[in-house]
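The values are calculated or read from the model by the stated rules, or taken from the named source; none is laboratory data. Computed from a predicted structure; not experimentally measured. Please note: Cβ atoms are built from the backbone with ideal geometry, for glycine as well, and neighbour counts cover all protein chains shown. Accessible surface is based on the protein model in full, side chains and every heavy atom, while ligands, DNA and RNA are left aside. Shrake-Rupley method; radii C 1.70, N 1.55, O 1.52, S 1.80 Å.
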Amino acid sequence: MNDRNRFLINSFKHINTIPTLTEDQKKLILDILSVEAKDYSMCYNIPISGDFNDILELYCDSLSMDGLSSQTIKNRKYTLNELNNFLHKNITDIDVADLRSYILYKRKTIQPSTTNTIISRIEAFFTWLYEEEYIKSNPSKKLRKIKEPSRIIKAVNSVDLEKIREHCKNDRDRAIIELSVATGLRVSELRNLNVLDIDFHLNRIKIVGKGNKERVVIFTDKAKYYVLKYLKTRTNQTSCELFTTLRRPYRRLGKRQIEKIVEDLRNVCEVGIKITPHSFRHTMATNMIQSGADVTTVQKLLGHNNTNTTLLYANINLDTIEQQYRKCMVG
């Protein structure tokens, strides 16, 4: 691989890690790089071989150039490395029986939904291998997803939510709780927020979510009050990151740190159910749907690809169903 092509690949990899660039600026730079690269296959200037690790690196490079987030790429790479360690086979010799044996091995310790995630990652990888002509046939085509049990996801009730609010130790933690409940952001989206992402005049936030897809979420005046209160009282006034550590060097909070904040609050309050940052996403969606919001509206706010996923958040009780039925079925 020559220096020019290596530069193009590294540029695609790291453009999303530059915090000072706006999303529009990033998109413009990526568009320019795409034109320069033309066909990213030109960057793969090495002979085709069956070495799993070499080809996996090329696959990850292609995902970077397609705009997938570093965390998504990291997750896929982890699964595929585990597959390789399990099989110990040349990539051109892997067949559907090998893939099924790995999936059966994983099913012993994980939930059906996680198993299906693994299957999706394997399918994407082997489809890419086939399209790039590293393999002559695609063994993953015969894989089938596991039927997942339907479930209703529990929201945090109003009493438990007030307990959590009252036990927040500082303005930052209260702002995290209020913004989570108001927007239904994923914890990864919450931790990636910068101050300039927030329009306090219109109560809107521009989010880049899963699959590098942009959407706009809206927040309440109550959430705005606590976020502004936090920004006014925090000592690191110059940080562009929204939620940071309370002590120097004021680094952006990590996903696990936010989860630990919620976990500690839950333990202090002695709440009866398990509460995580994702619970507030459920709460926002459930509250909106039970208040009469259209499912497609909630879908757009949450960033779901389809309404079936959104309906999992619709923890609608029998009283609500009866009330809506009587309202619609007059006479």
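Per-residue SASA remark: residue 243, around 0 Å² accessible (1.4 Å probe; ligands, DNA and RNA not included). Loop-located trypsin sites (Lys or Arg not before Pro) across the range 68-109 with a Cβ neighbour count of 11 or fewer within 10 Å are 108, with loop assigned by DSSP.
Residues 248, 186, 266, ordered by accessible area of protein heavy atoms at a 1.4 angstrom probe radius and largest first, appear as 248, 266, 186. Does the range 64-197 come out rounded, prolate or oblate by the C-alpha gyration tensor, with a ≥ b ≥ c the root eigenvalues, rounded set by a/c under 1.5 and, if not, prolate when a/b is larger than b/c and oblate if not? Since a/c reaches 1.5 and a/b is larger than b/c, the shape of the range 64-197 is classed as prolate.
Surface composition of the range 70-186: carbon plus sulfur atoms hold 47% of the accessible area, using a 1.4 angstrom probe and ignoring ligands, DNA and RNA.
Convex hull volume of the Cα atoms of the range 150-239, normalised per residue: 122 Å³. Take the cross-link list 169/222; 206/300; 106/136; 145/255; 106/210; 74/210 and give me the ones stretching past 21 Å between alpha-carbons. Checking Cα-Cα distances, 106/136; 145/255; 106/210 exceed 21 Å. Accessible surface computed residue by residue for the range 157-202, with neighbouring protein chains in place and a 1.4 Å probe, gives 44 Å² per residue.
Full extension of the chain between residue 144 and residue 202 yields a length gain of 16.3 nm, computed as 0.36 nm times the residue separation minus the alpha carbon distance. A simple count of charges around residue 144, restricted to other residues whose Cβ falls under 11 Å of its Cβ and scoring Lys, Arg +1 and Asp, Glu -1, yields +4.
Cβ under 10 Å from residue 123's Cβ, residue 123 left aside: what net charge do those residues give with Lys, Arg +1 and Asp, Glu -1? Once positives and negatives cancel, what remains is +3. What residues qualify as long-range amide H neighbours of residue 194, i.e. H under 5 Å apart, gap of 5 or more or another chain, H built at 1.01 Å from N? Placed amide hydrogens put 242 under 5 Å from residue 194. Whole-Hz Karplus values for the range 221-235 come out as 5, 5, 5, 4, 4, 6, 5, 5, 4, 5, 5, 6, 9, 6, 7 Hz, taken residue by residue from phi with 6.51 cos²θ - 1.76 cosθ + 1.60 and θ = phi - 60°; glycine and proline positions read x. Taking all protein chains together and rolling a 1.4 Å probe, residue 222 ends up with roughly 90 Å² accessible.
Counting only protein heavy atoms and using a 1.4 Å probe, what share of the accessible area of the range 204-317 belongs to carbon plus sulfur, as a whole percent?
50 percent
Does anything in the range 133-175 have its amide N under 14 Å from the 7 Å Cα→Cβ label point of residue 87, and if so which residues? Under cut-off, by backbone N: 134-143. Among the protein heavy atoms, those of residue 269 account for about 10 Å² of accessible surface (1.4 Å probe, every chain in place).
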